[in-house]
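Comments concern the structure below.
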Amino acid sequence: MTLTESSQSLDELLKPRRLFRRLIAVIADLRLAIILLLSIALFSISGTVIEQGESVAFYQQNYPEDPALFGFLSWKWILILGLNHVYSTWWFLSLLVLFGSSLIACTFTRQLPALKVAQRWKFYQEPRQFQKLSLSTELKTESSSSLIAQLEKKGYKIYQENQAIYARKGIIGKIGPIVVHVAIIVILAGSIWGALSGFLAQEMVPSGATFGIKNIIEKGLVAASPLTKNWLVKVNRFWIDYTPDGKVDQFYSDLSVVDKEGAELDHKIIHVNKPLRYDGVTFYQTDWGIAGVAVQINNSPVFLLPMAQLSSKGSSRIWGTWIPTKPDLSEGVSLLAKDLQGTMLVYDKEGNLTSAVRPGIPLEINGVTLKVKDLIGSTGLQIKSDPGIPFVYTGFALLMLGVMMSYVSHSQIWILQANECLYIGGKTNRAQVSFEREFLQIIEEINEAQTPTLSVANEIKN
């Protein structure tokens, strides 16, 4: 093999390595990281502005094509771009992966090498080396013992080689940025894992019913089906507290987690901002409704009728049902209710208001005695499983720790004893004013320690 052929073979072997290094350099570029971070922030904001996980009809009603929001954003584009579930779209997850890769590359190519350099001690052997330091001076003394004592008192770690001394403190400040990078990577990993393995569901459950999680709105690619859970949830009771003026103050759900045989595994009364957590699944109280009404005609057994929410032009919600007053269903009345406080309106078949009734009070109508026993409320639950949450919380804890560590100044001081002089110089990466004060204080204390020694020496000489 000729020299030229050997050189070509070597170039072919080194080419992939060079391409890899160029790729790492591009990924680790600070400008790319900033662009990715701004993109993630922008799409995250869009996920808070545009409602997530709603039905197609909801987006058609709230984001019509004419007029489109901002002139172009209609329900079609929201569905096409996946803006109705931003945090689980492939492009958003790709941004997270790319940003995490940028942080990892930056950590290994910049932060870790910078830490290794900071951990090495180096000595200045020539007085001229002190001229390049931001702070430097020289003292007419041949002893450095008092200076070493002052540095140790202020927390410096001392390294000495013959007449040269190197002192440093605050190496933790160099570790802080690495911890920050690791924390952000952990947060990103937790977010990605949560999007891939979690699910979001909603259930509207009548009081007294037992249910399994079925109405799934979103589900990650590798998420286990909630139907495989070996437990169910029972709504023991649902109720609402009202303010004196009749407005909803708070609504509550008494929930029990039960196994297949009905044995209770967990129990909690939940309300808004106080969820139930069990087996990695969180149950949030988000809504309420009226599921049905228990009625009695004359002396008949009490029977249940479902109530449906009716469309209304106003902001208030209304539920209604039809109650037959004859066995052949030829006659009946309509019953309307707007809340669970008990007052209901009764309309005849022509749509005329005939009476207002409360539970337990009999009403004579169409030749029969109608008695409304009770209104049955239903609880609206948002059910969420996010296995990435522990990683996200851990990442945020590390992030706060890393930020605090990063504020610690990394200070360095060099000392050289030469030509019957003591050369002193130093620098720091932050808190320059504080370091200057500390440096001057050390010099002053050395001068004060020298003054009595010089006085005694002069007396002996005289």
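Read-outs: derived from the displayed coordinates by stated rules, not from any lab. Every value quoted in this text rests on a predicted model; they were computed, and no experiment measured them. Neighbour counts are summed over all protein chains in view; Cβ atoms, including those assigned to glycine, are modelled from backbone coordinates with ideal geometry.
Annotations for the structure displayed:
- Nitroxide proxy distance, nm - points 7 Å out along Cα→Cβ at residue 322 and residue 51: 2.9
- Whole-number D in µm²/s for the stretch 290-375 (Stokes-Einstein; Kirkwood sum over Cα pairs; 37 °C, 0.692 mPa s): 251
- Computed [θ] at 222 nm, helices only, for the chain once each DSSP H run of length n ≥ 4 contributes -39500 (n - 2.57): -12000 deg cm²/dmol
- Sorting 271, 181, 85 by the number of Cβ atoms found within 10 Å of their own Cβ, with the fewest placed first, yields 271, 85, 181.
- Under 13 Å, Cβ to Cβ, from residue 307 - net charge with Lys/Arg +1 and Asp/Glu -1: 0
- Scanning the chain for long hydrophobic helices, with DSSP H runs required to stretch 30 angstrom or more by C-alpha along their axis and to average at least 0.5 on the Kyte-Doolittle scale, returns 172-197.
- Signed unit charges on C-beta, dipole axis of the chain, positive-most listed residue 395, 361, 217: 395
- By definition, a body whose alpha carbon gyration tensor gives a ≥ b ≥ c is prolate when a/c is 1.5 or more and a/b is larger than b/c, and the stretch 3-112 fits this prolate description.
- Formal net charge of residues neighbouring residue 84 (Cβ-Cβ distance under 14 Å; K, R +1; D, E -1): -2
- Of the peptides 293-303, 331-341, the order by per-residue mean of other Cβ atoms within 10 Å, starting with the highest, comes out as 331-341, 293-303.
- Tensor-based shape of the chain (alpha-carbon gyration tensor, a/c under 1.5 rounded, otherwise prolate or oblate): prolate
- In loop segments of the stretch 346-444 as defined by DSSP, the chymotrypsin sites (Phe, Trp or Tyr not before Pro) with at most 15 further C-beta atoms inside 10 Å of their C-beta are 407.
- Pairwise FRET efficiency - residue 90 versus residue 119, Cβ, R0 = 30 Å, nearest 0.05: 0.10
- Prolate/oblate/rounded call for the stretch 212-293, Cα gyration tensor, a/c under 1.5 rounded: prolate
- For the stretch 140-240, with +1 on Lys and Arg beta carbons and -1 on Asp and Glu, the positive-most of 201, 239, 189 along the dipole: 239
- If only the Cβ of Lys and Arg carry +1 and only the Cβ of Asp and Glu carry -1, the dipole of the chain around its Cα centre is close to 1180 debye.
- Taking 229, 313 and counting other C-beta atoms within 10 Å, the order from fewest to most: 313, 229
- Between residue 268 and residue 154, the FRET efficiency from the beta-carbon distance, with R0 = 45 Å, is close to 0.25.
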